[in-house]
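Input: one structure, supplied below.
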Amino acid sequence: MAGVQVGAGAVPWAALDHAALGLPATTDLPSSQALDGLVHAAAGVAYLKWFEYQLAAAMHAELVEPFEDEDRRELDAHTRCAATIATTLSITQGAARTLLTDAVALRDRLPLVAECLRGGVVTPHHIRTIVSRTELIEGQCYAALVDADIARALRRAGSWSPARMEAMVDMMVDRRDPDAVRARREKAKRNREFTVEIGRDGLASATDTRPAEDIVALHAAVTRLAAQVCPKDTRSKAARASDAHYALITQTGFGCNCDRPFTDCRYKNIDLTKFAATAPRIVIHLVTDTTTLTGPVPAPENERVCRSPQHLPRPYLNAAAPLRPDAQTDTDEVEADSAANPVSAETMAPESPAPEPVAAGSASVESIAAEPSGPDAVATEPAASACAATESVAAQPVSSDRPNVTDDVAAGDAADHSRGCEEPVGLDFVDGVGFLPGIGIISGAHVRDLAADPGTIIRPLGDGTDTPLPATQPSNPYRPSAALDAYIRARDLFCTWPGCNRPAWDGDLDHITEYDHTHPEKGGQTSAHGLGAKCRFH
């Protein structure tokens with residue numbers, strides 16, 4: 001940092017040479033070049049945010065850590081440090097506390113994620129999600145393993161929507177401590193509640209805390225009833241859903257509120273009894289794999305001792321940590337394996353063995369057991385009563401592959417991140433997870449509860465051998481087979497358009513390269529690598 005002026009003597013950003021920053025001299029560029037500039041600028045923003053976090057962490061090391069063990073004042077050292085930042089940056093006290101909290105978390109708990117931010121691999125707006133959803137691993141001996149898991153996933157090619165990021169981080173955390181996850185879920189189930197909050201203008205809101213699969217089924221039933229109106233209904237979609245929910249709960253009338261007579265609008269008065277009797281099965285998709293259904297599995301030997309740098313003495317307690325502006329990214333050689341990454345395959349049979357995916361739910365009693373050997377995915381489709389069935393298809397995105405931290409980080413500084421106190425972690429098992437569209441990650445124990453429901457139907461996505469399943473319908477090579485359809489949706493989880501949160505089951509499968517109906521061999525192929533899930537908007 002020698003020779004660089006900061007504070008009042010610093011050169012304003014607007015006066016810096018664009019060339020020195022790697023930026024074009026002008027913003028008046030063709031769209032193709034402008035996009036390249038946007039990518040470079042986004043990476044620069046990520047680097048500057050990393051630099052900001054480093055500075056905030058250095059302030060924390062100097063102003064907070066020497067006093068945090070004995071400082072019991074209401075305005076403690078952390079509060080005063082945040083106030084200093086807030087005053088200097090003209091931001092709120094809450095925003096400054098968040099900045100300080102995130103900076104310390106990246107330094108101590110998530111150093112490899114911090115390097116991803118430094119390299120522009122992850123954008124700053126995802127950092128708050130990652131930090132907040134890893135708070136449970138603070139001080140745990142397996143924190144470094146979770147950090148490496150997340151960094152590996154971030155470095156995988158692909159894009160991250162908010163929901164996809166949340167699902168990935170939750171998966172990495174939940175699989176490391178299945179006992180703690182199970183205990184939290186049992187406590188949450190005991191504390192479920194129904195509450196009413198009085199609002200303004202004569203309105204009130206009601207909140208019902210239920211298992212995730214119950215809410216998914218309820219949402220589907222409400223959405224279906226709310227759609228029973230003609231185009232002239234004057235209510236918003238949200239208002240219709242509110243009326244439909246009340247009608248289902250109280251078994252009172254629901255109908256279209258258009259000004260047309262009963263003879264012209266068949267939706268004027270919906271008979272809820274007939275509506276329920278003719279309701280189609282509600283299917284809830286649950287994505288998991290067969291190893292999760294059998295329970296936690298032994299953790300690799302090298303993951304049974306502490307690898308957390310938080311359990312080592314920190315040399316920067318009395319001095320600011322160096323910023324290392326010229327350091328190489330600690331995880332340049334990490335190849336991630338995450339839920340965000342599409343899997344490419346010509347046929348339905350994966351090239352390398354992977355845990356078998358399975359589905360779970362609640363409905364009729366037809367079940368097909370999955371063979372425990374082979375790479376075949378398994379789907380569980382709970383067939384239904386009026387309002388709840390669950391279909392699960394297992395896929396690679398929720399694979400329980402155990403990352404090897406020491407193999408993932410090369411030499412040099414990366415080795416520091418895999419060092420810890422070397423004491424036994426006390427966690428000899430790791431567990432898989434499940435993915436519930438519209439909800440997110442659920443624990444392995446929750447998955448097994450759903451799979452044990454008498455109404456759950458388990459259908460293997462494969463026949464237990466390496467023989468590829470048909471990729472297309474026999475009469476129409478343009479349309480995927482049911483097996484390929486299930487595989488791609490379970491693989492993608494969300495609409496594959498960058499940043500979209502819509503579940504893959506709410507959209508269609510689209511050819512990535514346009515299909516040539518005249519010469520099918522020349523266009524996009526109906527195969528695992530040629531199709532992707534897209535919502536109706538994209």
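Only the coordinates and a few stated rules stand behind these numbers; no lab work does. This one's a predicted model, so the numbers in the text were calculated from it and none came from an experiment. Note that we place each Cβ from the backbone using ideal geometry, even for glycine, and neighbour counts take in every protein chain shown.
Can you list residues whose amide H is under 5 Å from TYR515's amide H, if they're 5+ apart or on another chain and H is modeled 1.01 Å from N?
Those qualifying (amide H under 5 Å, at least 5 residues apart or on another chain) are GLY524.
So if each residue of separation counts as 0.36 nm, and I subtract the Cα-Cα distance between THR223 and ASN476, what length gain in nm does that give?
87.8 nm
Which order results if SER161, SER90 are arranged by neighbouring Cβ count within 10 Å, fewest first?
If I rank by nearby Cβ atoms, fewest first, I get SER90, SER161.
For a protection proxy built on the mean count of beta-carbon atoms within 10 angstrom, sort 518-530, 121-133 highest first, please. Present the calculation step by step, with values, prior to reporting the outcome.
On the way: 518-530: 14.8, 121-133: 18.7.
In decreasing order of mean packing, 518-530, 121-133 become 121-133, 518-530.
Okay, next question. Given 25 °C and 0.890 mPa s, how large is the Stokes-Einstein diffusion coefficient of region 128-183 in µm²/s, with Rh as the Kirkwood radius over Cα pairs?
210
Have a look at ALA277, LEU248, ALA238 and report the one farthest towards the positive end of the charge dipole of region 236-287, computed about the Cα centre with Cβ charges (Lys/Arg +1, Asp/Glu -1).
Of the candidates, ALA277 comes out farthest on the positive side.
If the reach is capped at under 28 angstrom between alpha carbons, list the lysines near LYS522, excluding any in the same chain fewer than eight residues apart.
LYS534
Working out 0.36 nm times the residue gap between THR207 and HIS529, then minus their Cα-Cα distance, what length gain in nm do you get to one decimal?
Numbers: separation 322, 0.36 × 322 = 115.92 nm, distance 4.26 nm.
Difference between extended and current length: 111.7 nm.
Rounded if a/c is under 1.5, else prolate if a/b is larger than b/c, else oblate: which is region 194-277, with a ≥ b ≥ c the root eigenvalues of its Cα gyration tensor?
Oblate shape, in that a/c is at least 1.5 and b/c is the bigger or equal ratio.
Just grab the label-to-label distance for THR263 and PHE429, each label 7 Å out from Cα along the Cβ direction, in nm (one decimal).
Taking the simple label geometry, THR263 and PHE429 are separated by 7.0 nm.
Hey, rough spin-label estimate for LEU21 and ASP466, points 7 angstrom out along Cα→Cβ, what's it come to in nanometres?
Reported label-point gap for LEU21 and ASP466 is 5.5 nm.
For region 61-122, which GluC sites (Glu not before Pro) are in a loop by DSSP, counting at most 14 other Cβ atoms within 10 Å?
Values: sites: GLU62, GLU68, GLU70, GLU74, GLU115; in loops: GLU68, GLU70, GLU74.
Counting only loop positions with at most 14 other Cβ atoms within 10 Å, the GluC sites (Glu not before Pro) in region 61-122 are GLU68, GLU70, GLU74.
Let me ask something additional. Could you line up LEU100, LEU154, LEU21, LEU145 from fewest to most neighbouring Cβ atoms inside 10 Å?
The fewest-first ordering by Cβ neighbours comes to LEU21, LEU100, LEU154, LEU145.
Among ILE488, SER527, GLN473, which residue has its Cα positioned farthest towards the positive end of the charge dipole of region 472-534, with +1 placed on the Cβ of Lys and Arg, -1 on the Cβ of Asp and Glu, and the dipole taken about the Cα centre?
It is ILE488.
Using r as the Cβ-Cβ distance of PHE51 and LYS522, and R0 as 45 Å, what FRET efficiency do you calculate, to the nearest 0.05? Mind showing how you got there, number by number?
Values: r = 50 Å, r/R0 = 1.11.
Working from the Cβ atoms, E equals 0.35.
So for the pair GLU186, THR252, with labels modelled 7 Å out along Cα→Cβ, what separation do we get in nm?
Simple spin-label model gives 4.2 nm for this pair.
Here is a follow-up. Amide H to amide H under 5 Å from VAL305: which residues, 5+ apart in sequence or cross-chain, H placed 1.01 Å off N in plane?
Amide H neighbours of VAL305, under 5 Å, 5+ apart: VAL425.
Using 0.36 nm per residue, how much length does the chain from ARG536 to VAL11 gain when fully extended, once their Cα-Cα distance is taken away?
184.1 nm
Which FRET efficiency value, to the nearest 0.05, is calculated for ASP506 and THR84 with the Förster distance at 41 angstrom and r the Cβ-Cβ distance?
Once rounded, the FRET efficiency stands at 0.30.
Let me ask something else. Please report VAL216, VAL113 as a ranked list, fewest other C-beta atoms within 10 angstrom at the top and most at the bottom. Working shown, then result.
Working: VAL216 22, VAL113 27.
The order, fewest Cβ neighbours first, is VAL216, VAL113.
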